[in-house]
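J.: Here you go, one structure.
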Amino acid sequence: MSPFVTKLESAFGEKILGKKEFRGEHTVLVELSALHDVMLHCKEQLGFDFLLDICSVDHESVHPRFEMVYELASVDDSQHLRVKAPVAEDEDVQSVVDIWKTADWHEREVYDMMGIKFTDHPNLKRILMWEGYPYHPLRKEFPLAGKPTEMPDVAFTGVAPMEGGPFVTSSTATDTVAREPRAKGES
Amino acid sequence: MASPDPNSTNYAYDSKIEGNVTFTQLDAAINWMRKNSLWPMPMGLACCAIELMATASSRYDISRFGAEVMRFSPRQADVMIVAGTVTYKMALAVKRIWDQMPEPKWCIAMGACASSGGMYRSYATLQGIDKLIPVDVYISGCPPRPEALIEGLMKLQDKIDKEESTMDLKRMPEPEQV
Ligand code: SF4
């Protein structure tokens, strides 16, 4: 087990919900209420001075529905840690912009694409879609083809013809012919 | 001024008085002038723009066809080359730039994305720029090679050559339908 995970466990105890190691990568699952404190601890005490990325996962039918994922590293590339926190649909996440400035745009993207709100964010606006777009397109229930919307003089969207798609490749296929992208249900 | 095509009826070309007098039709003269100095508005939106730049550079040299004067102001441009993925966020901006171009104007949809949305069958991408502005020439490819863009430009030149330019001048412009 990575020394960071052990240190986090002794510092936060109950708040650490789980840990995982996969091919030398360490992940800790923490309670949402303790997330900001854990992040601050990681930066100040454990030397994770570099926030690589923030993303979010939609588990759709599972409760809590969402999961925040933070990729921490240090500038000299000597350490890496992934921190995850489950987020229910009606919960807000404490922003980490005050710890790492770079979190600003990452959190805006999470808000835009997944609809998770952040408290104490300095400028929580959409970043990829335009202000006024009514959906959060990376949620699982949102169709890949999109939905029609209209904002006069700003932008509009339509529905893309799918022609039997979306076409997906199979990761378990053994040869390149079987790996060709196909519509679901088509062999 | 002459087309080397001996079958062309547009020009009465006499080599004995070359440089002095040439008889032609007004349409043919206007079209000839228009098609050989097409000033493109480079609407480079994604990877296709790289090929557009290559076409303009020395190796492929689009100036051989009179279209080297890339105008970044729509008011000075004749042909909009839409090179790349048109997202919905960009779509109305492309339309506005098109509206600012003075007549006569033409549009080339360069590449799969500009022609049909390409591989982006998604919520974010306009499925072809022809949903917003009239396209004269579609160029297939992802991206099209510079030769293909030059071929498309030559196709557009052929098309301009057949236009009834003087009649178009007389016609009242129809009110735009939205
Ligand atoms: S057609 Fe291909 S190369 Fe051109 S913009 Fe689309 S994805 Fe890029």
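J.: Can we say residue A:83 is assigned to a loop (DSSP other than H, G, I, E, B), under 11 Å from residue A:51 (Cβ atoms) and aliphatic (A, V, I, L, M)?
T.: no
J.: I'd like to verify a number: residues in the range B:123-170 that are assigned to a loop (DSSP other than H, G, I, E, B) and open to solvent by 70 Å² or more (accessible area, probe 1.4 Å), how many?
T.: Of the residues in that region, 6 qualify.
J.: Quick one: is residue A:147 more than 11 Å from chain B (Cβ to nearest Cβ), at pLDDT below 95 and in a loop (DSSP other than H, G, I, E, B)? Give the derivation first.
T.: On the way: more than 11 Å from chain B (Cβ to nearest Cβ): no; at pLDDT below 95: yes; in a loop (DSSP other than H, G, I, E, B): yes.
Judged against the criteria, residue A:147 is not a match.
J.: (1) more than 12 Å from the ligand (Cβ to nearest atom); (2) surrounded by 15 or more Cβ atoms within 10 Å (Cβ to Cβ); (3) at pLDDT below 90: which one isn't true of residue B:118, the others all being true?
T.: Status for residue B:118: all satisfied but (1).
J.: Inspect all residues belonging to the range A:156-172 and state whether any of them is touching a Phe, Trp or Tyr at 6+ places or on another chain (Cβ under 8 Å), within 14 Å of another protein chain (Cβ to nearest Cβ) and part of a strand (DSSP E or B).
T.: yes
J.: Based on what the data block shows, is residue A:164 on the phi > 0 side of the Ramachandran plot and not aliphatic (A, V, I, L, M)?
T.: Yes; evaluated as a whole, the condition is true for this residue.
J.: Quick one: is residue A:34 in contact with a Leu (Cβ under 8 Å, 6 or more places away or on another chain) and of a type in the set (Gly, Ala, Ser)?
T.: Here the answer is no, as residue A:34 does not meet what is asked.
J.: Suppose we keep only residues that are surrounded by fewer than 17 Cβ atoms within 10 Å (Cβ to Cβ) and over 17 Å from residue B:103 (Cα atoms) within the range B:27-53. Which one would you say is farthest from the ligand (Cβ to nearest atom)? Give the derivation first.
T.: Let us first name the residues in the range B:27-53 that are surrounded by fewer than 17 Cβ atoms within 10 Å (Cβ to Cβ), namely B:29, B:33, B:36-37, B:39, B:47, B:50, B:53.
So of that shortlist, the ones also over 17 Å from residue B:103 (Cα atoms) come out as B:29, B:47, B:50, B:53.
Working: B:29: 36, B:47: 3, B:50: 8, B:53: 13 Å.
In this case the residue turns out to be B:29.
J.: Same structure again: Before we move on, is residue B:136 within 15 Å of the ligand (Cβ to nearest atom) and either in contact with a Phe, Trp or Tyr (Cβ under 8 Å, 6 or more places away or on another chain) or within 14 Å of another protein chain (Cβ to nearest Cβ) (or both)?
T.: no
J.: Yes or no: residue B:81 within 16 Å of the ligand (Cβ to nearest atom), among the β-branched types (Val, Ile, Thr) and in a strand (DSSP E or B)?
T.: Yes, satisfied.
J.: Continuing with the same structure: Could you list, in sequence order, the residues of the range A:151-169 that are touching a helix residue (DSSP H, G or I) at 6+ places or on another chain (Cβ under 8 Å) and open to solvent by less than 60 Å² (accessible area, probe 1.4 Å)?
T.: Passing the criteria: A:155, A:156, A:157, A:158.
The values are calculated or read from the model by the stated rules, or taken from the named source; none is laboratory data. Note that the structure is predicted; figures quoted are calculated from it, not measured. Please note: Cβ atoms are built from the backbone with ideal geometry, for glycine as well, and neighbour counts cover all protein chains shown. In case anyone asks, the SASA skips ligands and DNA or RNA and just uses the protein heavy atoms, side chains included. Shrake-Rupley method; radii C 1.70, N 1.55, O 1.52, S 1.80 Å.
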